[in-house]
Amino acid sequence: MPMDNQIEISKYDENGYKTLVTFEGWRVAFMNDGPKTTIDGLSYFQKHDESDEVFVLLKGRCVLLLAGYGDVPGEIKAVDMKPHTMYNIKKGVWHTHYFAPDTQVLIVENADTGLENSPIIDLTKEQKKIIAELCK
């Protein structure tokens, strides 16, 4: 059997998020640093109402910023990711993420995760200030 029928090899080196594999209800993506993941570029919290979301830091520095459950984000807590360690953000948790330059994260989530089941709330000036302090 030819190798090209047995394996799919993907790479992504551009800024932002890119789905690499979608299969039977789940997807795997890479997310790389870019303008929307800097302290100045962060603009919202999101939560996923129907599923968890898994993050694995491949290189660089990523800080997961968690703001609890509920209708609106609450107290912000920071988790500075360690390389090659799995972080599973639970369904319904408000979150965002800061990426230092040259950062890459692997993301695994339900294939149907999108705007229709993942509410977004804009960050306030006070939240941006707190995030900047947490990510020093």
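Every number in this text was worked out from the coordinates using simple rules, so none of it is lab data. Predicted, not measured: the structure shown is a model, and the values here were computed from it. FYI the Cβ positions are ideal-geometry reconstructions off the backbone, even for glycines, and counts take in every protein chain you see.
Overview of values
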{"item": "Per-residue Cβ neighbour rank within 10 angstrom, fewest leading, 80, 33, 71, 52", "result": "71, 80, 52, 33"}
{"item": "Quarter of the Cα convex hull surface for the stretch 1-47, i.e. its orientation-mean projected area (nm²)", "result": "4.8"}
{"item": "Residues 81, 31, 86 arranged by fewest to most Cβ contacts within 10 Å", "result": "86, 81, 31"}
{"item": "Amide H contacts of residue 52 (H built 1.01 Å from N, under 5 Å, at least 5 apart or other chain)", "result": "91"}
{"item": "The stretch 12-55: chymotrypsin sites (Phe, Trp or Tyr not before Pro) falling in loop per DSSP and having at most 15 other Cβ within 10 Å", "result": "12"}
{"item": "Beta bridges by DSSP in the chain, antiparallel share as percent, to the nearest 5", "result": "95"}
{"item": "Whole-angstrom Cα spans of the stretch 15-134 along principal axes, big to small", "result": "41, 32, 23"}
{"item": "Within the stretch 82-97, backbone nitrogen closer than 15 Å to the virtual label 7 Å beyond the Cα of residue 26 toward Cβ", "result": "86-91"}
{"item": "Mean residue ellipticity (222 nm) of the chain, computed from DSSP H runs ≥ 4 via -39,500 (n - 2.57), nearest 500", "result": "-2000 deg cm²/dmol"}
{"item": "Rel. contact order, % - alpha carbon contacts under 8 angstrom, at least six apart, the chain", "result": "32"}
{"item": "Listed pairs 18/90; 18/136; 11/129; 47/128; 11/59 exceeding 25 Å between Cα atoms", "result": "18/136; 11/129"}
